[in-house]
1. If I filter the stretch A:30-47 down to residues being within 7 Å of chain B (Cβ to nearest Cβ) and assigned to a loop (DSSP other than H, G, I, E, B), which single residue comes out as nearest to B:Leu175 (Cα to Cα)?
2. Among the residues of the stretch B:133-149, which ones are away from chain A (no Cβ under 14 Å) and surrounded by fewer than 23 Cβ atoms within 10 Å (Cβ to Cβ)?
3. Among B:Arg382, B:Arg389, which is the only one that is more than 7 Å from chain A (Cβ to nearest Cβ) and basic (Lys, Arg)?
4. Are any of the residues in the stretch B:49-66 within 16 Å of B:Met376 (Cβ to Cβ) and assigned to a helix (DSSP H, G or I)?
5. From A:Leu145, A:Leu133, A:Leu154, A:Leu139, which residue is buried (at least 18 other Cβ atoms within 10 Å of the Cβ) and either part of a helix (DSSP H, G or I) or assigned by TED's automatic domain parsing to the domain that holds A:Gly14 (or both)?
6. For the stretch A:97-125, which positions are more than 7 Å from chain B (Cβ to nearest Cβ) and outside any helix (DSSP H, G or I)?
7. Name the residues in the stretch A:88-134 that are charged (D, E, K, R) and under 21 Å from A:Pro155 (Cβ atoms), would you?
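The values are calculated or read from the model by the stated rules, or taken from the named source; none is laboratory data. Quick caveat, the model's predicted, so the values are computed rather than measured. All Cβ positions, glycine included, derive from the backbone under ideal geometry; neighbour counts span all protein chains shown.
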Amino acid sequence: MPPPQMKVPAAGLGIRSPRNFAGGLVLLAIAALALWQIQDLSVGTAMRMGPGYYPRLLAFLLGFFGLVLMAGSVVVHGDGLERWRVKNLVLVLGAIVIFAFAIRTLGLVLSGAALMLVSALASHDLRWREVLLFTAGMLVFSVILFPIALNLPLPIWPRL
Amino acid sequence: MDVLGNLAMGMGVALTPLNLGLCLIGALVGTMIGVLPGLGPIATIAMLLPLTFSLDATGALIMLAGIYYGAQYGGSTTAILVNMPGETSSVVTTLDGHQMARQGRAGAALGIAALGSFFAGCVATLAVAILGPILASVAKEFGAPEYFALMVLGLVGATVLASGSIVKAVAMIILGLLLGAVGSDIETGTPRMTFDIPQLADGINFTVLAIGLFGVAEIIRNLENPEERGVLGAKIRGLLPTWQDIKTSAAPVLRGTFLGSVLGILPGNGAVLAPYASYTLEKKIAREPQRFGRGAVEGVAGPEAANNAGAQTSFIPLLTLGIPPNPVMALMVGAMTIQGIIPGPQVMDTNPQLFWGMIASMWLGNAMLVVINLPMIGLWVRLLMVPYRLLYPAILLFCCIGVFTVNNSYVDVLGVAFFGLVGYGLTKFGFEPAPLMLAFVLGPLMEENLRRSLLISRGDPMVFLNRPISLGLLLVAAALLLLVVMPSVKKRRKEAFQE
């Protein structure tokens, strides 16, 4: 089942395909960001390209296609914007970020537990007993597999 | 004959107990992860990459190839039993495979899929062994302009095969090329688009991008749809297809193998097309086309054979030209680079043990899949019954451990979160991430060859049109683009992707 589509506030502006309009805007924004990052790099000539030649070419092309999408969205009817499930997004990405910052100092067991438990909150039917047992099992398994059996350099416990 | 001698040498490499074991473990683990719904081969390989870090190059590639076949086969198993394809290439298998499962013939469907795939794998392995050296010798004549033209063709192919809007697919290709340009400039070493983050000096790590776009984003998307899975596990009886099934399937398997082998060689992910092409063909020439979609065994046998043959022959462009035809092969490039091997026509000469060992292990891997999978179906079924609410935190854990261990860098793990967000956002605006990934890997190669071509020609872009091979490749690319833009094809393409 596709997530519900938002009723389009942009309809008043004559935009017939809000999803493409927004997508085009995103492309334009990325192109602008890239151009800003490479503004100081020398372009050179086609024969002797500077570091800025190729990325600038791509950024302009990307911006161009962004404009094409936006132009098309005024003419052709298309999909509305899809709703973002911010809660799931924050929980899952947040869990990964916690793991990233914790892994070197807190070790695999604690940061892994944090990752699994925080991300599990995004589930629509959460059963704590089951989640705790399963997390414990997976952590034992990954401790045995990665640092021990495969000898990968992962700290297991917090470094004090 | 030379091919046989080389294959024998390859067998010698692949049959050492260590490599045999690696192939077996790869196929097993690949199937195990591939069976999980919503995890395609790309995410599976990216996740399991760390398993190969401590191995030598040959062992690592043999294991990765095993993981790839395993993941493919696992995807088919899920398609048949749960009607939930893990990837685009097993969508077709759900049509008749799941219907067969509903009629209590899951065993026969799985058996035919395995046997058909095995046969296709054998033929395709031979094709790789015969065509590989020929193409590699052609590729040695290639200069920078030819390589550039070939990559253009590959990217155009990827656009054509992407579902949805062409404009959006092209935009994703350009975005991928742009992401590939992040990092130090190849000639001057000047940092480009690194946002002053020192860890980006070497560019964006491809495992980070792959796991973010295909692993994490997929999980967040899956969480939006409440789970509805009916596993048809209890009904699996005899795994062997009846004699009648085999007789009906023989011809479709042969046709599927041929289609898959040819499409797999094409640059630009032709392998994805193979199962669709095979299904359409079988339906068209069937005496009772109305049986299709209601559990026709031909509808499983042909596409599965085509799928596997295509998976196999898509190694050809990678091994002979060094150009990955699809995101999975792009991951293989990454794995080879980690091992210090630059894929290309020279690998066959400088590293024949690796080249032929890998080809031999392709065949062994296929044989193992038949041997291990049929008896282990019960285990896969039980794995399929683990609810998603438990699976996804575990998948996240393995993804994060995998990414962290590549460079021991926490910034890489942060990158996964970032590209998870990007991937989720892109799909919300109707962009497909697969062409992006391919362009990302080809990007640096393209820039290098573009710069080199224009240096040779003193800045004259006609260099791409003056040389016959590069002109030919560009003409094919232009023809492909024209074909898709034509309204009649546009309509048919839409239908094909809807089916």
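1. A:Ile38
2. Selection gives B:Pro133, B:Ile134, B:Leu135, B:Ala136, B:Ser137, B:Val138, B:Ala139, B:Lys140, B:Glu141, B:Phe142, B:Gly143.
3. From the options B:Arg382, B:Arg389, the qualifying one is B:Arg382.
4. Checked the stretch B:49-66: at least one residue is within 16 Å of B:Met376 (Cβ to Cβ) and assigned to a helix (DSSP H, G or I).
5. A:Leu139
6. A:Leu121
7. Correct list: A:Arg104 only.
Let's see how each residue does on (1) more than 9 Å from every other protein chain (Cβ to nearest Cβ); (2) crowded, with 20+ Cβ neighbours inside 10 Å; (3) not in a helix (DSSP H, G or I):
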residue: B:Ser361; (1), (2), (3): yes, yes, no
residue: B:Asn373; (1), (2), (3): yes, yes, no
residue: B:Met376; (1), (2), (3): yes, no, no
residue: B:Val413; (1), (2), (3): no, yes, no
residue: B:Phe418; (1), (2), (3): no, no, no
residue: B:Gly423; (1), (2), (3): yes, yes, no
residue: B:Leu426; (1), (2), (3): no, yes, no
